[in-house]
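Here is the structure we will look at.
Here, each number is a calculation from the coordinates, and none is a lab measurement. Worth saying up front: this structure is predicted, and the values here are computed from it rather than measured. Using ideal geometry, Cβ is built from the backbone for each residue, glycine included, and neighbour counts are taken over all protein chains shown.
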Amino acid sequence: MKIYITGHTNPDLDTVASAYEYAEFLKKSKRYEGAEIIPVRSGEINKETLIAFEKFGAKVPESIEEFDIEASDAIILVDHNEESQRHPKVKGEQVIEIVDHHKINVNFNSPVRIDVKPVGCTGTIIHELFNMYGIKPSKETAGLMLCGILSDTVGLKSGTTTGMDSSIAHDIAKEQNIELEKLTFELFKAKSDITGMSPTQLAKKDFKVFDFGGTKVFINQIETVEPEKVIEMKDVLIKVMDEVKAEENASQGYIFITDILKVNSQALYSNEVEKAVIEKAFTTQGINGIADIGPKMSRKKDIAPAIEKALQS
Ligand SMILES: [Mn+2]
């Protein structure tokens, strides 16, 4: 039997890294002895992910597209659970485990092992599992965990950061003699690099599609140290949104531009319905397609729940 481990589509650093990390955990803990464990990625990796894998000498998982997944194979989801964020090759009946730190929105026909914790990063949960089983992650895996934590918690500053994320990050940094601030800055720089990206690519840079009570909502987030560079492109970004929404089967679509140094986000919307949702969700006022939503950084904790709530009422 083969067991594939995959993160969400349009992958970010934590999602690709946690597939790699969890593969090592399963092999070392011998949970599925005899099975072939294969970490994969559900899409092209971004610059930040590439830098992290290169820095720690880890091999980037191959694309799920390269494999013929058979009905007898099993699939493990890391860093996501919702059907709208799974790769089309992932069939619900093949899922045997979920390791995640997002809101749960699943429905399976058979029992599934689920490890979900409200921490800042999936890598943190996997690190905890290593500890619980008395095994140690390799240097590469620990390095990726550190990068994933810094990326997902925006340098341990996001509201999603827990003491567990912070202490694991500090432990790994100490063990490998890494300066946290320096590594954080390297990742921030890679994350903010939008050179060569078309408006459509930028509009889909880091998006997720949510199903909020039947309404499909596209939420893209651009985390950057140079928000003005993105805001300069506001009008063209808004213009491509109709096409992007159609492609992703979403009836609403938003782009959030997050200034990761100043800890502030602005929302772009493309019609009056979306404008009303943003104004209600964040008690703000939109002007010409853009609204300041204040010191909010986390899509999971600050942004998506506020939109879901505004849609419900
Ligand atoms: Mn994550």
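Give a quick list of GluC sites (Glu not before Pro) in segment 160-241 that DSSP marks as loop, anything other than H, G, I, E or B, with at most 12 other Cβ atoms within 10 Å.
GLU179, GLU232
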Residue-count net charge about PHE218 - beta-carbon cut-off 14 Å; Lys, Arg +1, Asp, Glu -1: -3
Could you state the angle between the C-alpha long axis of helix 139-152 and the longest principal axis of the C-alpha atoms of the chain, as a value from 0 to 90 degrees rounded to the nearest 10? 20 degrees
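Exactly which GluC sites (Glu not before Pro) in segment 8-47 are in a DSSP loop and have at most 16 other Cβ atoms within 10 Å?
GLU33, GLU44
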R0 = 30 Å: FRET efficiency of MET197 with VAL116, Cβ-based, nearest 0.05? 0.40
How much length would be gained if the chain were fully extended between ASP171 and MET132, taking 0.36 nm per residue of separation minus their Cα-Cα distance, in nm to one decimal? 12.4 nm
If I fit a long axis through the Cα atoms of helix 234-247 and take the longest principal axis of the Cα atoms of the chain, what angle between them do I get, 0 to 90°, rounded to 10? 60 degrees
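Give me the number: length gained by fully extending ILE104 to GLU272, i.e. 0.36 nm times residue separation minus the C-alpha to C-alpha distance, one decimal in nm.
Length gained, ILE104 through GLU272: 57.5 nm.
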Using 1/(1 + (r/R0)^6) with R0 = 35 angstrom and r between the beta carbons of MET1 and ALA310, what's the FRET efficiency to the nearest 0.05? 0.20
At q = 0.11, 0.18 Å⁻¹, work out log10 I(q)/I(0) for segment 71-230 with the Debye formula, treating every Cα as an identical point scatterer and leaving solvent out; two decimals please. -0.55, -1.25
Sort the following peptides by mean Cβ neighbour count (other Cβ atoms within 10 Å, averaged over residues), highest first: 140-146, 305-311, 251-257. 140-146, 251-257, 305-311
Computed over the chain: longest principal axis from alpha-carbon atoms vs helix 122-132 long axis, angle to nearest 10 degrees, is 30 degrees
Would you mind working out the magnitude of the charge dipole of the chain relative to its Cα centre, with +1 at each Lys and Arg C-beta and -1 at each Asp and Glu C-beta, to the nearest 20 Debye? 520 debye
Given the pairs LYS27/LYS208; LYS55/LYS189; LYS30/LYS117; LYS157/LYS309; LYS28/LYS204, which are separated by over 26 angstrom at their Cα positions? LYS27/LYS208; LYS28/LYS204
Viscosity 0.692 mPa s, temperature 37 °C, Stokes-Einstein D of segment 1-160 from Kirkwood C-alpha radius, µm²/s: 212 µm²/s
What is the Cα coordinate range of segment 1-76 on the first, second and third principal axes, sorted by size from largest, in whole angstrom? 34, 25, 15
Here, segment 199-312 modelled as identical Cα point scatterers in vacuum has Debye log10 I(q)/I(0) at q = 0.10, 0.15, 0.19, 0.21 Å⁻¹ of -0.23, -0.55, -0.93, -1.18
Average projection area in nm² (convex hull over Cα atoms of the chain, one quarter of hull surface): 15.6 nm²
